[in-house]
Amino acid sequence: MKKTAPLLIIVSSPSGAGKTTLCKMLLKTFGDLRFSISHTTRPPRPKEVDGRDYFFVSDKEFDEMVENDEFIEWAHVHGNRYGTARKELRSAALDGFDLLFDVDFQGAVRIKEQHPEAIGVFVLPPSIEELQSRLSKRGTESLEAMQRRFKAALEEIKHTRQFDYLLVNDDLDTASRNLRSIVRAERIRQARMQYLADEMLQM
Ligand code: ADP
Ligand code: 5GP
């Protein structure tokens, strides 16, 4: 059982920069890090699984959750709604897991307002051209959705100052290694480890 509150790691990026890929790699490394599964009104992509990638819900279900104040934060992103349920945080704390959020900049700001100790990592593509190329190669979006996401990318990039780390995802292994380093370093911050020294002093 952890002696401190869960470490909250927020990863944001423009669509196509590689944050889903990087988050998946990170979760493979740290068995005690859990992915915060968001709720969304967006339809699932072919390989996505309900309850693993997202909770895919109807507009009505989403409305009900908003009315019942079940979200820490929610936002309109690329024409759909996405939200982080409060229960994700509660259950991570209860089970002794750190928590990884994949949310847009609006979600990152809202989570930080309520949990100022949360760590924000913004993933930047090596260039705008490469971002466009990754988004189109991924092939999950219609041309219209892709254009919408690409336009939103520049808006997202305007918010990098609200994050603690800017991680350039050029070479995937390097970016993944840097993300692991962030988690390792943040886990040994003095405030998170002080309980060990306090325990020794009480002996
Ligand atoms: P996001 O979650 O930020 O929208 P994804 O993780 O889905 O982005 O990545 C977008 C596409 O780019 C995917 O096809 C992924 O395999 C690819 N990709 C991710 N990181 C890199 C990288 N460093 N170099 C080349 N391609 C990458
Ligand atoms: P996608 O449709 O590509 O899975 O996600 C689109 C955008 O929505 C990404 O920027 C992703 O980080 C963001 N997103 C996913 N879940 C949430 C959430 O719960 N809240 C917010 N604010 N954004 C989210």
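Under 28 Å of direct C-alpha separation, and excluding same-chain neighbours fewer than eight residues apart, Lys137 reaches these lysines: Lys19, Lys24, Lys28, Lys47, Lys151, Lys158. For the range 37-152, the Kirkwood hydrodynamic radius from C-alpha pairs, put into Stokes-Einstein at 20 °C and a viscosity of 1.002 mPa s, yields a diffusion coefficient of 136 µm² per second.
With all distinct Cα pairs included, what does the Kirkwood hydrodynamic radius of the range 95-203 come out to in Å, to one decimal, could you say?
16.5
In this rough spin-label picture, where each label sits 7 Å from Cα along the Cβ direction, the Glu113-Leu27 distance is 2.7 nm.
For the range 149-203, the Kirkwood estimate of hydrodynamic radius, built from reciprocal distances between every pair of different alpha carbons, is 14.3 Å. Placing pseudo-labels 7 Å out from each Cα toward the beta carbon at Thr20 and Glu144 gives an inter-label distance of 2.0 nm. The orientation-averaged projection of the convex hull spanning the C-alpha atoms of the range 49-111 amounts to 4.7 square nanometres. Would you please name the trypsin sites (Lys or Arg not before Pro) within the range 1-69 that are DSSP coil residues with at most 16 other C-beta atoms within 10 Å of their C-beta? Sites meeting the loop and neighbour criteria: Lys2, Lys3, Lys47, Arg52. Taking max minus min of the alpha-carbon positions on each principal axis, the range 8-201 gives extents of 62, 42, 29 Å, largest first. Between Gln106, Gln162, Gln114, the GNM of the chain built on Cα springs shorter than 10 angstrom shows Gln114 fluctuating the most. Using the Karplus relation 6.51 cos²θ - 1.76 cosθ + 1.60 with θ = phi - 60°, the per-residue 3J(HN,Hα) values for the range 86-103 come to 4, 5, 4, 6, 4, 6, 4, 5, 4, 8, x, 9, 7, 10, 10, 10, 10, 9 Hz, with x marking Gly and Pro.
Bear in mind these aren't lab numbers, they're just calculated from the coordinates by the rules spelled out. Bear in mind that the values here come from a model prediction, so they are computed numbers and not experimental data. With ideal geometry, Cβ positions are generated from the backbone for all residues, glycine too; neighbour counts draw on all protein chains shown.
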